[in-house]
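J.: The structure's right below; bear with me while I get my questions together.
The values are calculated or read from the model by the stated rules, or taken from the named source; none is laboratory data. Treat the numbers as computed from the prediction; the structure is a model and nothing was measured. Here Cβ is always computed from backbone atoms with ideal geometry, including for glycine, and neighbour counts include all displayed protein chains. The protein model used for the area step is the full one, side chains on, heavy atoms only, and it has no ligands, DNA or RNA in it. Shrake-Rupley method; radii C 1.70, N 1.55, O 1.52, S 1.80 Å.
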Amino acid sequence: MSSKRASSRLQALINHIQCSYSAPTNPDILDKPIVLKKRAAVLICVFEGGDGSLRVILTKRSSSLSTHSGEVALPGGKREEGDADDVQTALREAKEEIGLDPSLVSVITPLQPWHTRYGVTIVPVLGVLSDKDAFSPILNSAEVEEIFDVPLEMFLKNDNRRAEEREWMEEKYLLHYFDYEFGNKKYVIWAITASILIGTATLLLQRFPDFLEQRPTIWGGMTEGDKLMLKNISNSK
């Protein structure tokens, strides 16, 4: 683990989450005709930017990959036989993809599992990179084309966000897209990655999004933020 410690503000937040957070289960997934046959883990690696704001590390997948090529993703991948748990999967994959030494990451907790319609369970693992300067990325070009970071708060704002209504198994839901520009680079964070980061931002920044999230049931269904927003809309009529 890095010798550099998180700021007192971030450390207090870490302590709060470790003491109070319990990953929710999603029993409604059992009502869907999905066979959960694969398991994967992703690393949500956050750090404090120069202005004190929380930022999260993302990658752009290689354009040569057979699936999700060129898309923005969190570091991670499928669980292998030698992995003891989801935490080890996430840390191993981050090491393989972007050269992130596991000793630099303080793992806080695994978060709510996410399920896809293709039968994959994805477990996000939340970790903190206390010493960003100690991390020198080494990209595995077969899997990753670029690495970049974004402010976590962007996933709670309407700025640079758009959404499309989709329907699956007679259930309507919203698919969110977040646009991010840095220099002459443009990125789009969307689908399950965007939804995972909305949930992470809600947890770490301790406030709800400025918009209706409307997840599908397999991604956890209605959130507390959605319930509050719909209640406020109803009361204003």
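J.: Within region 184-221, how many residues are open to solvent by 20 Å² or more (accessible area, probe 1.4 Å), of a type in the set (A, V, I, L, M, F, W, C) and under 16 Å from residue 115 (Cβ atoms)?
T.: Result for region 184-221: 3.
J.: With the structure loaded, tell me whether residue 66 is modelled with pLDDT under 95 and open to solvent by 10 Å² or more (accessible area, probe 1.4 Å) or whether it fails that test.
T.: yes
J.: Looking at region 175-189, can you tell me whether even one residue there is farther than 19 Å from residue 68 by Cβ, outside any strand (DSSP E or B), in contact with a helix residue (DSSP H, G or I) (Cβ under 8 Å, 6 or more places away or on another chain) and of a type outside the set (D, E, K, R)?
T.: Scanning region 175-189 turns up no residue that is farther than 19 Å from residue 68 by Cβ, outside any strand (DSSP E or B), in contact with a helix residue (DSSP H, G or I) (Cβ under 8 Å, 6 or more places away or on another chain) and of a type outside the set (D, E, K, R).
J.: Out of region 38-59, which residues are assigned to a strand (DSSP E or B) and among the small types (Gly, Ala, Ser)?
T.: 40, 41, listed by residue number.
J.: Output the number of residues of region 132-170 satisfying the condition of being over 24 Å from residue 198 (Cβ atoms), acidic (Asp, Glu) and surrounded by 15 or more Cβ atoms within 10 Å (Cβ to Cβ).
T.: So the count comes out to 2.
J.: Quick one: count up the residues across region 78-98 that are open to solvent by less than 20 Å² (accessible area, probe 1.4 Å), out of contact with any Cys (no Cβ under 8 Å at 6 or more places or on another chain) and either within 27 Å of residue 179 (Cα to Cα) or among the small types (Gly, Ala, Ser) (or both).
T.: Adding up the residues that qualify gives 4.
J.: Testing residue 44 on (1) open to solvent by 60 Å² or more (accessible area, probe 1.4 Å); (2) modelled with pLDDT of 95 or more, one condition comes back false. Which one is that?
T.: It fails just one condition, (1).
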